[in-house]
Amino acid sequence: MVSDAGPLLETRGLTKSFRSLVALSDQSIRVDRGEIVGVIGPNGSGKSTFFNLISGFLQPDSGEIRFAGAPIVAQPADRIVRLGIARTFQGTRLFQALSVADNVRAAAELRQRTGLAAALLGGGRRRRAEAAVEEITEELLDLVGLTARQENRARDLPYGDQRRLEIIRALATRPSLLLLDEPAAGMDASETKVLLGLIDEIRTRYDLAVIIVEHDMDLIMNLCERIQVLAHGSKVFEGTPAEVQAHPAVREVYLGHG
Amino acid sequence: MSGPALSRPAGLIVFGAVLILVAAVTLALPHMVNNYLVRVVIVMCIDVILVASMGLGNGFTGVFSLGHVGFVAVGAYTSGILSLPVTMKHAFLPDLPHWLASFSLPFLPATIAAGLVCAALAAVVGAPLMRLSGYFVSVATLGFLIIVNVVLINASDFTRGARTFAGVPLQTTLPWAMGWMVVTLTVLARIAYSPFGRRFRVVREDPIAARAVGLSILPVRLSAFIVGAFFAGVGGSLYGHYLGAFSPASFYLPYTFALVSMLVIGGMGSISGAVLGVVLVTVTSEVLRNLERGLDLGVIHIPPLYGASQIVLGMMFILVMIFRPSGLMGDREVSPGLFLRRKPTGERE
Ligand SMILES: Nc1ncnc2c1ncn2[C@@H]1O[C@H](COP(=O)(O)OP(=O)(O)OP(=O)(O)O)[C@@H](O)[C@H]1O
Ligand SMILES: [Mg+2]
């Protein structure tokens, strides 16, 4: 299924316009297995558009997206997550009226689907599927300390917990690439620190590659091995955190708008 | 699953107890009370089937369809045509195609056939309709109801058109109605509170996030729509065999509004809410209907108040909308034991 040679994700000449507005232009990126890559840029520079293209929520006007060697352009979002690309959303998108645990279960069952017959008749297959879902769910709830609140409705969680819940919901689909869109937005310094620890832990524990879009420079500089800078939909620079910080043009582009 | 499951034996005992209770009521009621009350209870059982099955799509899945009664109509006519005695078919429906005119089905197979026809129709109609959301789907499903009505009126070879379709055997007795109600509620609860049924609520809560966890929206909505239509067809057959005679107008806007208000008053995301809504609206309107004729309590004389029941029901609807917009039950269930599963506890709307 997933070939081990070559990059995990590779885009080439990725372009997307909304009417006359070019949101992303001729973008390319390469992400290897287990790597953490940051994508930064001022508001409206095309970061979320980039995520929407990779995760199948938008279709590019032109360009290539290869995941584990295979082209994935034109595949619907629900298929792409099955291939192993999970994402969170800028702002949160939880199943608000559902319990915290059900939010995770809904994602964990991706690889444990049972149908109408199992719903009506039960049976061993459904029991095994539910047990597997429970196991993943318990483990992930424990990871972010939400076990005690698993029966609360998602909308009743404090903001920081909602963000963490969205991350473990993405993890429950068993991805090999995780896309985090501004995970630290709205968090204070200490919450951001906890988040940093969490991202670091999950990438080693689950052997993940991660792409993070974030305005919080501390988080990005501490976490990422490589950073790509976007401005007006185009890649203006790519390098290590040290190179990005040293690059005068980048500082100007980023700080000038951000 | 949502929440801790009741342990298996305990759940089975509760379920068994409920079954025995239902059976006892079914057998004893006709001896205890008059015919009028038995008829009210039969209609109530049918309405529970219709409202609860409507709730699966409208409440659990969040696709607010106004076309449910269209399936009820198709179910009533399908089973009516199938179970009409052969001699009656020759007399009433002389133009019926030979393959339909030459036989007559018993009540049970006719009812199941009605359900299956409706499920198949829902698969065809739902494929385009379930792509819509919000007001669009409500308007489009209302369009479906209108089309069904027009087709029934014009397919007079099969339906006698706008004239009364009569002669359907009066077979919907209390045990049949109760039995089908228990089957319907059991099946709906098992589906709604299974991993399969959790997808209904997931898709309702956030279709975009649902896709991000790998769900394709259309099949999820469509399966809720099809299951709902099956039981609408069953309920339609029961209703047809209760009335004996009906016309396309029996299954149109007034009935739609009645069922929708029961669902909305009871609580859209709850099976016990559907039951509660039916009971509450039925009891209120039956009591008021009797009051409408006027009352003489010796000292106090209440003059006839024609139309009062409609006004009170309308006010009830408005009050629920103001004070409990998600209905009396919201998306919670009354008794965890009854449906073997418990919903998340401890929160308010
Ligand atoms: N669905 C859409 N329809 C029309 N325009 C869009 C759409 N999505 C994004 N855009 C536009 O494309 C541009 C890039 O948006 P995008 O959301 O990718 O920016 P971003 O880098 O994520 O910004 P932010 O930091 O504010 O999240 C913006 O000008 C935005 O208004
Ligand atoms: Mg963005």
Quiz item: So who's got an amide H within less than 5 Å of the one on B:MET329, skipping anything under 5 residues away but keeping other chains? H placed 1.01 Å off N, in plane.
Solution: B:GLY267
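Just rank A:GLU238, A:GLU201, fewest to most, by other beta-carbon atoms within 10 angstrom.
Numbers: A:GLU238 19, A:GLU201 12.
Result, fewest neighbours first: A:GLU201, A:GLU238.
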Quiz item: In degrees between 0 and 90, to the nearest 10, how far off the longest principal axis of chain A does helix A:248-257 point, with axes built from Cα atoms?
Solution: 60 degrees
Practice problem: For each of B:LEU215, B:LEU93, A:LEU121, count neighbouring Cβ atoms within 10 Å of the residue's Cβ, then give the residues from fewest to most. | Solution: A:LEU121, B:LEU93, B:LEU215
Quiz item: Given the rule -39500 (n - 2.57) for each run of at least 4 DSSP H residues, summed and divided by the residues of chain A, what is its mean residue ellipticity at 222 nm, to the nearest 500 deg cm²/dmol?
Solution: -12000 deg cm²/dmol
Practice problem: Taking amide H positions as placed in the peptide plane 1.01 Å from N, state which residues far from B:PHE64 in sequence (5 or more) or on other chains have amide H under 5 Å from it. | Solution: B:GLY134
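When a/c reaches 1.5 or more, the comparison of a/b and b/c decides; with that in mind, is the stretch B:8-251 rounded, prolate or oblate per its Cα gyration tensor?
Values: a/c = 2.25, a/b = 1.19, b/c = 1.88.
Judged from the Cα gyration tensor, the stretch B:8-251 comes out oblate (a/c at least 1.5, b/c at or above a/b).
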Practice problem: For chain A, find the longest principal axis of its Cα atoms and tell me its angle to the long axis of helix A:124-143, 0 to 90°, nearest 10. | Solution: 50 degrees
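Using the Kirkwood radius over C-alpha pairs as Rh, can you work out the diffusion coefficient of the protein assembly as shown via Stokes-Einstein at 37 °C, viscosity 0.692 mPa s, in µm² per second? Spell out each step's value before the answer.
On the way: Rh = 27.1 Å.
My calculation gives 121 µm²/s for D.
Using the count of nearby Cβ atoms within 10 Å as a rough guide to exposure, how do A:ARG33, A:ARG226, B:ARG199 rank from fewest to most?
Working: A:ARG33 16, A:ARG226 20, B:ARG199 25.
If I rank by nearby Cβ atoms, fewest first, I get A:ARG33, A:ARG226, B:ARG199.
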Quiz item: Within chain B, which complete DSSP H helices have Cα atoms spanning at least 18 Å along the helix axis and a mean Kyte-Doolittle hydropathy of 1.6 or higher?
Solution: B:8-32, B:35-55, B:107-129, B:134-154, B:253-266, B:308-323
Exercise. Give the shape of the stretch B:128-207 as rounded, prolate or oblate, defined through the alpha-carbon gyration tensor: a ≥ b ≥ c are the square roots of its eigenvalues, a/c under 1.5 means rounded, and otherwise the shape is prolate if a/b is larger than b/c and oblate if not.
Key: oblate
Quiz prompt | Two-site label geometry, A:PHE18 and B:ASN290: point separation in nm, points 7 Å out along Cα→Cβ | solution = 6.2 nm
Exercise. Can you grab the distance from the C-alpha centre of the stretch B:98-123 to the C-alpha centre of the stretch A:169-227, Å, no decimals?
Key: 57 Å
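Readers should treat all values here as calculations from the given coordinates under stated rules, not as data from a laboratory. Quick caveat, the model's predicted, so the values are computed rather than measured. A quick note on method: Cβ atoms are made from the backbone with ideal geometry, for glycine too, and the neighbour counts reach across all protein chains shown.
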